[in-house]
Every structure is written in structure tokens, then in C-alpha cells.
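Coordinate-derived values only; no laboratory data. If you're wondering where the values come from, they're calculated on a predicted model, not measured in any experiment. Don't worry about glycine lacking a Cβ; one is built from the backbone with ideal geometry, like all the others, and counts go over all protein chains shown.
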Amino acid sequence: MTSRFESALNEHSALVLRVKAELLPNLQRAADMMIESMRSGNKAIFFGNGGSAADAQHLAAEFVGRFARERRGLPALALSVNTSSITAIGNDYGFEDIFVRQVEAFGHPGDVAVGLTTSGNSPNVVLALVRAKKLGLKTIAFSGRDGGKVAAAADLTLVVPHSSTPRIQEMHITLGHLLCEAVEATLFPEAK
């Protein structure tokens, strides 16, 4: 078992270095988009399926609560938390529309829609990003593998260059934490 752990940790470490080399410029652009949006009184809307839904909730909570600094809450929400909305929309319209309908309900021009999908091809995430752009929201996708369909749907895509879902998810939460840290440090430089 130890060799399995070592192998996974080595794979993770190598991926961290690759992400550092390849994604820092896009991560800075994502942070700039989020900072500009929140400075203007807008919000972040996060969504994804399965583990990505959990990551969306986690990141929204970091903005609303805090990440590392004592500061006021920042406006963010995750679209996977209202089971009544999700099941009603899924039943009445189809699973592909569970995020689209909520983006239409809660999104405003200047908000940032953040879709997470390890494959890059989750239809409900792709459709929500497309709709968000049409409504005037800025769009960011967290993806993996070759970027998938979200790469063309979003204004900016953070593609983790790996094929393993667990490694992609590990990098998504790391990138999300770095995004939170950048936003928080920029908007609240005096906070401890």
C-alpha cells in the first residue's frame, strides 16, 4: 500500500509543477476577472456535478465565509445546493438545464459564472456557461484532459493537463484556493 501512496503523491507533485508552469497566466486572468467583478458589486456563481459540485460549494463557501483573512463576506453561491430546484428543473426541463435555469434566475451582467467539470464535457455545465455569456456574465471553466467543450464555451478555461479524475479534482481545489487567496488579498490588503 505504501508504494501506491508514494506513486499517487509523486503523480500529484509532478502535476503541481506542470500546472505551475502552464496555468499561472490564466489563473491571474481569472483572479483579475473575479476581482473586477466583486469590486463592482457583482457575485460569483459556481456549479458542477458530483465531486465538482462539492468543489463548487466549497469555493463559494470560501468567498462567503472567509479563506485566510478576517474580512466581510463576498457574494458567491453554488447552484448545486437547492435540491428542490435541481429536481424540479431536472423533472420539468431535463438534467441538462439544471444550471441554465438557475443562471437565468440569479445571474446578472458583470457576475462571474464558474463551471467545474473534470472531463470538460458535462452538458449542463457547457450549456450554463453558454447561457451565462449570452446574459453578459464573465465565464470561467475549470476542466481537465484536453479542455473539452467548456474550453470553447467559457471566456477563460483553466485546463488541468491530466487524464485522471482524482488528480484533476485535486488541482481544481488547489486552483480555486489560489483564486480565493488572490481575491481576498487584493480586496482586503489590511485584513489579517
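Can you tell me which of (1) of a type in the set (A, V, I, L, M, F, W, C); (2) under 15 Å from the mean Cα position of the chain (by Cα); (3) part of a helix (DSSP H, G or I); (4) closer than 22 Å to residue 107 by Cα is the one residue 27 doesn't meet?
Condition not satisfied by residue 27: (4).
If you check residue 164 against the conditions, is it among the polar types (S, T, N, Q) and crowded, with 18+ Cβ neighbours inside 10 Å?
Against the criterion (among the polar types (S, T, N, Q) and crowded, with 18+ Cβ neighbours inside 10 Å), residue 164 does not qualify.
For the stretch 1-32: of the residues being small (Gly, Ala, Ser) and exposed (fewer than 13 other Cβ atoms within 10 Å of the Cβ), which is farthest from residue 113 (Cα to Cα)?
The selected residue is 3.
Only one of 146, 97 is among the acidic types (Asp, Glu) and closer than 25 Å to residue 15 by Cβ. Can you tell me which? Working first, answer last.
Numbers: 97 fails: closer than 25 Å to residue 15 by Cβ.
Within the list 146, 97, the selection yields 146.
When you check residue 61 against the structure, is it of a type outside the set (Asp, Glu), free of Cβ contacts under 8 Å to residues at least 24 places away in the same chain, out of contact with any Leu (no Cβ under 8 Å at 6 or more places or on another chain) and within 15 Å of residue 179 (Cβ to Cβ), yes or no?
Yes.
How do the pairs read when you match residues in the stretch 13-28 that are farther than 23 Å from residue 186 by Cβ with residues anywhere that are of a type in the set (Lys, Arg) and surrounded by 11 or more Cβ atoms within 10 Å (Cβ to Cβ), using Cβ under 9 Å and keeping only pairs 6 or more apart or on different chains?
From the stretch 13-28, the pairs are 15/167.
Could you list, in sequence order, all residues of the stretch 143-192 that are touching an Asp or Glu at 6+ places or on another chain (Cβ under 8 Å), closer than 25 Å to residue 73 by Cβ and of a type outside the set (Val, Ile, Thr)?
172, 176, 177, 180, 191, 192
Could you check the stretch 81-191 for helices (runs of 4 or more DSSP H) lying wholly inside it with 1 or more residues that are over 23 Å from residue 26 (Cα atoms)?
So the answer is 83-92, 98-106, 123-134.
Report, by residue number, each residue of the stretch 35-70 that is of a type in the set (A, V, I, L, M, F, W, C), in contact with a Cys (Cβ under 9 Å, 6 or more places away or on another chain), buried (at least 16 other Cβ atoms within 10 Å of the Cβ) and closer than 23 Å to residue 190 by Cβ.
Listed by number, the residues that qualify are 63, 67.
For every residue, the table says whether it meets (1) β-branched (Val, Ile, Thr); (2) without any contact (Cβ under 8 Å) to a residue 24 or more places away in the chain; (3) under 21 Å from residue 150 (Cβ atoms).
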position	(1), (2), (3)
4	no, yes, no
9	no, yes, no
47	no, no, yes
80	no, no, yes
86	yes, yes, yes
98	yes, no, yes
109	no, no, yes
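What number of residues within the stretch 79-138 satisfy the criterion of being of a type in the set (Lys, Arg), in contact with a helix residue (DSSP H, G or I) (Cβ under 6 Å, 6 or more places away or on another chain) and surrounded by fewer than 22 Cβ atoms within 10 Å (Cβ to Cβ)?
Qualifying residue count, the stretch 79-138: 2.
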